[in-house]
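S.K.: One structure follows; several queries about it will come next.
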Amino acid sequence: MKANMSLEPIVNSIHSQQTPQQDVDKCVDCPLCMEALDYDDLGFYPCGCGYQVCRFCWNRLKNDENGLCPACRQPYPDSPIQFSTISIEAVEELKKKKKKQKEKQKLKDAAKSQNLSSVRVVQKNLLFVIGLPQRLSQEDLRKEFIKYGKILKMVINQSSAYVTYSRPEDAVAAIKSLNETNNNTNKSNQRSGSNSATQQQLRASLGTTKYCTHWLRSQSCPKQPDCKHYFPIYL
């Protein structure tokens, strides 16, 4: 689309012999359309402030819109301030620079993965309960906790369990109710003189989970939206 564009101020400035597009990787993006600049656009600066856009966007701004530079807000001149083709050597240098930037970003991502792999994140809609009776069934657990809100998932592990609610406020309500019951039970035991240490009590708090390994690797998780680990893009 850009290659077929005809702009009178530009045509006379283009070299008669151009390097084939396939020989040059696109290295820079136009800040307006976010498309990679063509080879001949790399040396195109339509405004004296130095703000670089592709010829297609320049033509659109100048002829179809207000004709002002998006950066300095001054009217575009009739002819580009600077328009010169870039040598193959310069393009190769840009390619190397971009490659180094990608390598640096990969190193940063790897460091992030290593630092966060052992970190646990508090899940505001995840209830963690300990002190459950042995051999408690999924159905019994659901009957006990569904009164606080809609349950998305439950996992029982011996005397503890994770209950995932659809809303964070439901998990908070369950924690508040269970802890109040515990406090009342403790006070009752103290008044009666019974040994509360021998009695099993439920204790609840917000649950924690690790970061999803796919997210740490900048990959999409195939288990979403049901992944049990923390995947920020879905929260």
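The values are calculated or read from the model by the stated rules, or taken from the named source; none is laboratory data. Not measured: the values here are computed from a predicted model. All Cβ positions, even for glycine, are placed from backbone atoms using ideal geometry, and neighbour counts span all protein chains on display.
S.K.: Name the single residue that is modelled with the lowest pLDDT among those in region 214-235 being part of a helix (DSSP H, G or I) and loosely packed, with under 14 Cβ neighbours inside 10 Å.
M.R.: TYR234
Conditions (1) exposed (fewer than 13 other Cβ atoms within 10 Å of the Cβ); (2) polar (S, T, N, Q); (3) outside the structural domain of ASP29 (by TED's automatic domain parsing); (4) under 36 Å from the mean Cα position of the chain (by Cα), marked per residue:
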| site | (1), (2), (3), (4) |
| --- | --- |
| LEU42 | no, no, no, yes |
| CYS47 | no, no, no, yes |
| CYS54 | no, no, no, yes |
| ASN59 | no, yes, no, yes |
| GLU65 | yes, no, no, yes |
| ASP78 | yes, no, no, no |
| LYS99 | yes, no, yes, yes |
| LYS104 | yes, no, yes, yes |
